[in-house]
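We did not get these values from a lab; they are worked out from the coordinates using the rules stated. Because the structure is predicted, anything quoted here is derived from the model rather than measured. Here the Cβ is made from the backbone with ideal geometry for all residues, glycine too, and neighbour counts use every protein chain on show.
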Amino acid sequence: MHAIAAVRWLIEDQLRLIMDEIPIKVRFRDFKDHGLDTMIKSVFNSSPYLSIDAVYPGKFKRWQFASVGNGYWTGENGLQHAKEAMDWLIHEKLNIPVQEIPALIGEETLKKHGLGGC
């Protein structure tokens, strides 16, 4: 698919990002600056996350990106998204025992891992 090749070109050739930098640094503005704004709007609903997930399936979680979209943390599925994000942070990202959660998880930790708005 041409859209996937275009996103890969942007990330790897133009922005030259390593994997860990992608959710932190990629913005809609990057697509616009490289002439891909029409493509991301029409193919990926203006979502950098959806475009990157098409190139690197399952590598990133939506909440790792600067913008998750309006209503993601609220709305009908907001609570479920927040639960999934906290489970990911505690068990996958930090791998901490349940009894240590109160001592280790605070506002600073949430912000550091992109969950400050959760």
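Considering only Cα-Cα distances, which of the following residue pairs are longer than 24 Å: K32/K111; K59/K111; K83/K112; K41/K83; K25/K93?
K32/K111; K41/K83
For every other residue with a beta carbon closer than 10 angstrom to the beta carbon of A66, add +1 if it is Lys or Arg and -1 if Asp or Glu, then tell me the sum.
With Lys, Arg at +1 and Asp, Glu at -1, the neighbours total +2.
What does the charge count near A6 come to, summing +1 for each Lys or Arg and -1 for each Asp or Glu among other residues with Cβ under 15 Å from its Cβ?
Taking every Cβ under 15 Å from that of A6, the sum is -3.
Under the 0.36 nm per residue contour assumption, what length would be gained going from the current alpha-carbon distance of D87 and Q14 to full extension?
22.9 nm
Where the centre of each part is set by its Cα atoms, how far does the stretch 6-24 sit from the stretch 42-103, in angstrom?
Value for the Cα centre distance between the two parts: 19 Å.
Order these peptides, 46-57, 22-33, by their mean beta-carbon neighbour count within 10 angstrom, highest first.
Averaged packing, sorted descending, gives the order 46-57, 22-33.
Tell me the Rg and the Dmax, in Å, that the Cα atoms of the stretch 36-109 produce.
Both quantities, over Cα of the stretch 36-109: 15.0, 48 Å.
Aspartates and glutamates near K61 by alpha-carbon distance under 18 Å, same-chain residues fewer than 8 away left out - which ones?
Once the sequence-local aspartates and glutamates are set aside, what remains near K61 is D20, E21, D53, E84, D87, E92.
Label the stretch 5-55 by shape, choosing from rounded, prolate and oblate, from the square roots a ≥ b ≥ c of the eigenvalues of the Cα gyration tensor; if a/c is under 1.5 it is rounded, and otherwise prolate applies when a/b is larger than b/c, oblate when it is not.
It is prolate, given that a/c is not under 1.5 and a/b is the larger ratio.
If the only charges are +1 at each Lys and Arg Cβ and -1 at each Asp and Glu Cβ, what is the size of the charge dipole of the chain around the Cα centre, to the nearest 20 debye?
240 debye
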